[in-house]
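Shown next, in structure tokens, is the structure this report addresses.
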Amino acid sequence: MIPSTIVYGDVTILDLLWIAVCLIIAVLIAKVVTINIKRSLKDRMDRDHLEITTKVVYYTIIIVAVLLALPALGIHPSNLLVAGGVVGIVIGFASQSIVGNLISGIFLMFERPIKIGDQLRVDDISGFVEDIHIVSTIVRTYSGLYVRIPNEKVFTGIITNYVANIARRFEYVVGIRYDDDADLAIEIIEDLIDEQPFALKKPSPQVFVDNLGDNSVNIIVRVWAPATEWYGLKMDLLWEIKKTLGENGIEIAFPQRVVWFADEHRKREVKDAESDS
Amino acid sequence: MRVSDIFGLHEVPLRIDLEGISITVERDAGGIRYKRDCMDEEVEDLLLSSNSKIRINPVEPVNKPKELSPHFLIEFEKSIFIEPSARKTVFIKFPVEIGVFVYGKKNFQILDIFTLNKQKFTLYGDVINGVICKYWKSEVYSTIPDANPVYEGVMELNITNTTARWVEVTKAVFAAYGMKIYYSDDMVAMRANMRIVSKKVAEIDFVNPPLEKGMKRSLELYTSRLRQIPVIATKFLMDEGI
């Protein structure tokens, strides 16, 4: 009989089939349990904590099932402790990058510089954190691309988390003509900022003449906004400023040069001399 | 129609045209059509129900223009100085947001929220540890002030100074999860306690009894969420300055 054929030691093909069935059942149980956890806690936990909780539960069930199945294969967990050190070194050398990513993933989960749903930049990649796996982090770029970044690269790279702090500031430089009233322009811009709900009252916005440029009086506009609303406000406000300044006769200055032609200059000098005499 | 007639349980069909608010609820083939026009914002919904009612009442003032934070900060026009070991009561105003609920088969569902007030957010604390709050500025009154209930509500704030020194209070921050809103024909009201524990730290929570007898309790949005998530604190600890 094939099922009773011994593969090695006392382990038969039937044992292997039985273990495979047990592991499949364990995976199914793990999936059912995690789906139920997700359903019942979806409204009560944020997505980031929920993902971590379900992953911990899922892998715990799988590991327990594997440990329970090992004796049937003639391997006792106590033997693993002895063999584990040696095997660990071998695996470590053989799969340095995978282990590196795994350890980085564990540190990422503990240090938590990023959470699922955050907006980040790692090296040249910017976007939303979709998931943090044990060896890789999934990012959805702003243009909708799926990017898988190994955790080692995330952990050792420079992470810029755009939403880690609750508020952030943006800045415009508005250059108006020298003929225009800068005080009036500042008043108009301050009123426009005040009308925007997401332009925070505190920290207070700053609007002031920063410098007298070659072609324009440069007004700096600094506005704080909730990190989640920052970009939308930045997009809306600049055009509102441009339109409202224009409606009040204040124009954005263009680069310009006054050019004097030599002949015209000489004529003017003669004319001036004649009028003096 | 009077201002006070807006709040309460209404039968369908319903028509409200008041203070710049236009609400129409009428039966339509297969359901109920809800329309609202206010402050240049129009909403239209179709309810697949035959015998529902409409309930309109004030809700927590943290939902418009977007549900960004459950915290609400009221800055006082003038600072209050409270003497050591004293308990004083003042009144301030807060903006009213109006919630429209559909009621059918013993179940309420929020349909729409609107307000006639200007919206503004602020940051309480610093950008790392602080919280985003809905912002409002109010005078401080020693007696209950007059307020149009469609625009503004009145909050009784009982301030207890537990310290042995004078304390200056310039603002108060509230958590929407603890708000208990009541309304009557001429007023929307809440009551809160502010317990000052040091020169820069205070604890704020809401009080259950209404400001005046006979006031009706609003159907709040955050209170129902509190039943789903019982671990959320209803008090707010102002530890970034008062």
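Any read-out appearing in this document is the output of simple, stated calculations on the displayed coordinates, not a laboratory observation. All of these numbers come straight from a predicted model, not from anything done at the bench. Cβ coordinates were reconstructed from backbone atoms using ideal geometry, including for glycine residues, and neighbour counts include every protein chain displayed.
Run lengths n ≥ 4 of DSSP H only: what is the helix-derived mean residue ellipticity at 222 nm for chain B, with -39500 (n - 2.57) per run over all residues, to the nearest 500?
My calculation for chain B gives -1000 deg cm²/dmol from helical runs alone.
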| field | Exposed-site-free run, longest, chain B (rule: GluC sites (Glu not before Pro); DSSP loop; at most 16 other C-beta within 10 Å) | value | B:140-211
| query | For region A:218-270, which chymotrypsin sites (Phe, Trp or Tyr not before Pro) are both in a DSSP coil and crowded by at most 14 other Cβ atoms within 10 Å? | reply | A:260, A:261
| task | Just report the Cα centroid separation between region B:38-53 and region A:1-76, whole Å. | result | 50 Å
| request: For chain A, set up a Gaussian network in which alpha carbons nearer than 10 Å are linked by springs, and say which option among A:151, A:215, A:161 fluctuates the most. | output: A:215
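For residue A:28 and residue A:195, what is the calculated FRET efficiency with R₀ set at 56 Å and r taken between the beta-carbons, to the nearest 0.05?
Working: r = 57 Å, r/R0 = 1.01.
Result of the calculation: an efficiency of 0.50.
Percent relative contact order of region B:1-152, based on C-alpha pairs within less than 8 angstrom and at least six residues apart? Intermediate values should be presented prior to the final figure.
Working: 295 pairs, mean separation 33.3, N = 152.
So the answer I get is 22 percent.
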| Using 7 Å Cα-to-Cβ label points, what is the residue B:166/residue A:21 separation (nm, one decimal)? | 8.5 nm
| query | Once you charge only the Cβ atoms, +1 for Lys and Arg and -1 for Asp and Glu, what is the size of the charge dipole of region B:87-182 about its Cα centre, to the nearest 20 debye? | reply | 220 debye
| query | Within chain A, which is the longest segment containing none of the trypsin sites (Lys or Arg not before Pro) that sit in a DSSP loop and have at most 13 other Cβ atoms within 10 Å? | reply | A:43-256
| Once label points are set 7 Å from the Cα along Cα→Cβ at both residue A:160 and residue B:44, what is their separation, rounded to one decimal in nm? | 4.5 nm
| Restricting attention to region A:187-277, which GluC sites (Glu not before Pro) occupy a DSSP loop and are surrounded by at most 16 other Cβ atoms within 10 Å? | A:251
| field | Local electrostatic count at residue B:43 - Lys and Arg +1, Asp and Glu -1, tallied over other residues with Cβ under 9 Å | value | -4
| note | In a Gaussian network model of chain A with springs linking alpha carbons closer than 10 Å, the residue among A:99, A:64, A:33 that fluctuates most is A:64
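Just to be sure I understand the rule: take each whole DSSP H helix in chain A, project its Cα atoms onto its long axis, keep it if the span is 30 Å or more and its mean Kyte-Doolittle hydropathy is at least 0.5. Which ones pass?
Details: long enough: A:13-41 (42 Å, 1.98); A:47-69 (33 Å, 1.15).
Span-like helices, by this rule, are A:13-41, A:47-69.
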| Whole-number percent relative contact order across chain A, with pairs defined as alpha carbons under 8 Å at least 6 apart | 12 percent
| task | Sum -39500 (n - 2.57) across every DSSP H segment of at least 4 residues in chain A, then divide by the residue count to get the 222 nm mean residue ellipticity, nearest 500. | result | -17000 deg cm²/dmol
| By its C-alpha gyration tensor, with a ≥ b ≥ c as the square roots of the eigenvalues, how is the protein assembly as shown shaped: rounded for a/c under 1.5, else prolate for a/b larger than b/c, else oblate? | oblate
| task | Determine the sum of side-chain charges near residue B:84: Lys and Arg each +1, Asp and Glu each -1, restricted to other residues whose C-beta is under 13 angstrom from that of residue B:84. | result | +2
| Highest-fluctuation residue, B:184, B:52, B:142 considered, GNM on chain B with Cα pairs under 10 Å | B:142
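Lys and Arg at +1, Asp and Glu at -1: add these up for the other residues within a Cβ distance under 14 Å of residue A:269 and post the number. Before the final figure, lay out the partial values.
On the way: positive: A:266, A:267, A:268, A:271; negative: A:263, A:264, A:272, A:274, A:276.
Overall, the nearby charge balance is -1.
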